[in-house]
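The structure appears right after this line, and notes come after that.
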Amino acid sequence: MQQIQIYLNDPMRGHLRSAGLVLMLIGVLGILLPEAITITLNLLIAGLFLVAGVVTAWLNWVDYRQSLVAWLKPFLLLLLGILLAVQPQILAAALGLLLMLYFFFDAYASISFGLSLRPMPGSGWAVANGVVSFFLGLVFLVGWPFSSMTLVGLLIGISLFLDGLTLFLVSRAAR
């Protein structure tokens, strides 16, 4: 495997350290309030669908009033937005499936990144982050879809905390 040479100057180390601290803070919020994080994410996505439905309905009203086919898209967007706002467990289950895939891909990327950084100090943290991401993916796989409301927020929180910790520790180790 080809090694990557990385030079981190003081400003870049500071940026890594700051980004790591912010990610760790968001991660702690996800760990402490997992359902709140999941519901907030659900409401954000439902709101985006509702706004998109209203905008496309307005455009149809202005330009395509007589075309019934043109009204299908805003109708579906509004229906989906309302459904997701009223039944957040549906989106939580879908997000759980997507996050399961994310954690498996994140595990591969983190382990590959950590191995390519060897023997740089801190490279082991990236590998450890990848191993934890792999196990988080397995937890989702075993509990899906029933535990998605809690697991979405909790595992996003854990992953973000570990990503932040990795950035923070790499920023401290690199000189």
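The values are calculated or read from the model by the stated rules, or taken from the named source; none is laboratory data. These numbers were taken from a predicted model, which means no experiment stands behind them. Positions of Cβ are generated from backbone atoms using ideal geometry, with glycine treated the same way; all protein chains shown enter the neighbour counts.
One residue alone among 151, 141 is within 15 Å of the chain's Cα centre (by Cα) and either at pLDDT 85 or above or under 20 Å from residue 12 (Cβ atoms) (or both), and that residue is 151. Scanning the range 52-95 for residues that are under 27 Å from the mean Cα position of the chain (by Cα), of a type in the set (Val, Ile, Thr) and either outside any helix (DSSP H, G or I) or surrounded by fewer than 13 Cβ atoms within 10 Å (Cβ to Cβ) (or both) yields 55, 86.
Is there a residue being of a type in the set (A, V, I, L, M, F, W, C), assigned to a helix (DSSP H, G or I) and at pLDDT 90 or above anywhere in the range 2-14? No, that holds for no residue. Listed conditions (1) touching a helix residue (DSSP H, G or I) at 6+ places or on another chain (Cβ under 9 Å); (2) free of Cβ contacts under 8 Å to residues at least 12 places away in the same chain; (3) not small (Gly, Ala, Ser) are all met by residue 9, apart from (1). Pairs are defined by a Cβ separation below 6 Å, a sequence spacing of at least 6 or placement on different chains, a first member in the range 83-103 that is in contact (Cβ under 8 Å) with a residue 60 or more places away in the chain and under 11 Å from residue 149 (Cβ atoms), and a second member that is of a type in the set (S, T, N, Q) and assigned to a helix (DSSP H, G or I); the pairs so defined are 88/42; 92/38; 92/148. Of all residues in the range 140-153, those that are in contact with a helix residue (DSSP H, G or I) (Cβ under 7 Å, 6 or more places away or on another chain) and surrounded by fewer than 22 Cβ atoms within 10 Å (Cβ to Cβ) total 6. Applying the criterion of being among the hydrophobic types (A, V, I, L, M, F, W, C) and either in a helix (DSSP H, G or I) or touching a strand residue (DSSP E or B) at 6+ places or on another chain (Cβ under 7 Å) (or both) to the residues of the range 119-130, the residue that is surrounded by the fewest Cβ atoms within 10 Å (Cβ to Cβ) is 128. Could you check, for the range 114-135, whether at least one of its residues is of a type in the set (A, V, I, L, M), touching a residue at least 12 places away in the same chain (Cβ under 8 Å) and touching a Gly at 6+ places or on another chain (Cβ under 7 Å)? Looking through the range 114-135, at least one residue is of a type in the set (A, V, I, L, M), touching a residue at least 12 places away in the same chain (Cβ under 8 Å) and touching a Gly at 6+ places or on another chain (Cβ under 7 Å). Exactly one residue out of 133, 116, 171 is in a helix (DSSP H, G or I), crowded, with 18+ Cβ neighbours inside 10 Å, over 22 Å from the mean Cα position of the chain (by Cα) and not aliphatic (A, V, I, L, M): that is 171.
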